[in-house]
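Enquirer: The structure that follows is given in the form of structure tokens.
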Amino acid sequence: MSTPRVSIVIPAYNEGDAIVPGLDRIAEAVEADAEVLVVVDSPDDTTVGPVTRYAVDHPEFRVVVNDLGRGPAHAIRYGINAARARTVVVTMADGCDDPRQIDDLVLLVERGVVIAAASRYMPGGQQVGGPRLKSFLSRTAGVTLQLFTNAGTRDATNSFKAYDAEFVRMVGIDSRDGFEIGLELTAKARRLRLPVAEIPTIWLDRTYGQSNFQLRKWIPKYLRWYRFAFGGRLTPEQLVTKLQRKYA
């Protein structure tokens, strides 16, 4: 198989047929040569059947079963490890993200940034719907992180990002629970002083199913990476050593 230009990773949990409209939008919107990895935690997840049937006419889509542990952080980590492209885009299964921006995010990574973020909180961006407290905390974290650390994006908590796969494999992924990987990798890029860029996005709250986001449980996970972004410059070796000591 030829190497795709982008690997799109979608963590999914019991989405069933509700995932199909989002797959349709990706298939219609993305012009770059892509593979799409829908990552589930078990072979009996209700997402498996619809994606398997979808792949008959769209062979670039496939299901992969995460064996690192249950939960979105493990699913995303597994998907990035399985990706064949130099650029990896993480997007959600709920259809909230706008896949028309994937090509632009990929171009930014190809131009040299290690993270290209789709930002709800920059001029031209917007969040439509969703829990107000979650939105307030996310916006406050992103805007203050940019203001005080020049992180490169005002939406560090958004999972909809493109990554240089080599960068991710160099710094590793330490998150083990929720969707805080986007913030973790942004914080690591900041400490390494590597370039991060953003483009505006309009996020629309899901119109079907139920969100698996657990605000109370995951806030402490976000806070540790938020605090980590405030610090001096590190080399990759120093970064790995520091995290091994701090989060072992």
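The values are calculated or read from the model by the stated rules, or taken from the named source; none is laboratory data. In this text, all values refer to a predicted model and were calculated from it rather than measured experimentally. Cβ atoms come from the backbone with ideal geometry, glycine included; neighbour counts cover every protein chain shown.
Enquirer: Taking LEU37 as the residue in question, decide whether it is within 22 Å of ILE202 (Cβ to Cβ) and either surrounded by 15 or more Cβ atoms within 10 Å (Cβ to Cβ) or among the aliphatic types (A, V, I, L, M) (or both). If you could, list the steps in order and put the result at the bottom.
Expert: Values: within 22 Å of ILE202 (Cβ to Cβ): no; either surrounded by 15 or more Cβ atoms within 10 Å (Cβ to Cβ) or among the aliphatic types (A, V, I, L, M) (or both): yes.
No; evaluated as a whole, the condition is false for this residue.
Enquirer: If you don't mind, there's one more thing I want to ask. Could you tell me how many of the residues in the range 40-73 are surrounded by fewer than 21 Cβ atoms within 10 Å (Cβ to Cβ) and in contact (Cβ under 8 Å) with a residue 40 or more places away in the chain?
Expert: 3
Enquirer: Within the range 157-181, how many residues are of a type in the set (Gly, Ala, Ser) and closer than 18 Å to ASP104 by Cα? Break it down stepwise before answering.
Expert: Kept after step one, since they are of a type in the set (Gly, Ala, Ser), are these residues of the range 157-181: 159, 162, 165, 172, 175, 178.
So of that shortlist, the ones also closer than 18 Å to ASP104 by Cα come out as 159, 162, 165.
Counting residues in the range 157-181 that are of a type in the set (Gly, Ala, Ser) and closer than 18 Å to ASP104 by Cα gives 3.
Enquirer: When only residues in the range 193-223 that are of a type in the set (Phe, Trp, Tyr) and closer than 19 Å to PRO99 by Cα count, which is modelled with the lowest pLDDT? Outline the logic, then answer.
Expert: Within the range 193-223, the subset of a type in the set (Phe, Trp, Tyr) is 203, 208, 213, 218, 222.
Going one step further and asking which of them are closer than 19 Å to PRO99 by Cα, we end up with 203, 208.
Numbers: TRP203: 92, TYR208: 57.
Ranking the qualifying residues of the range 193-223, first place goes to TYR208.
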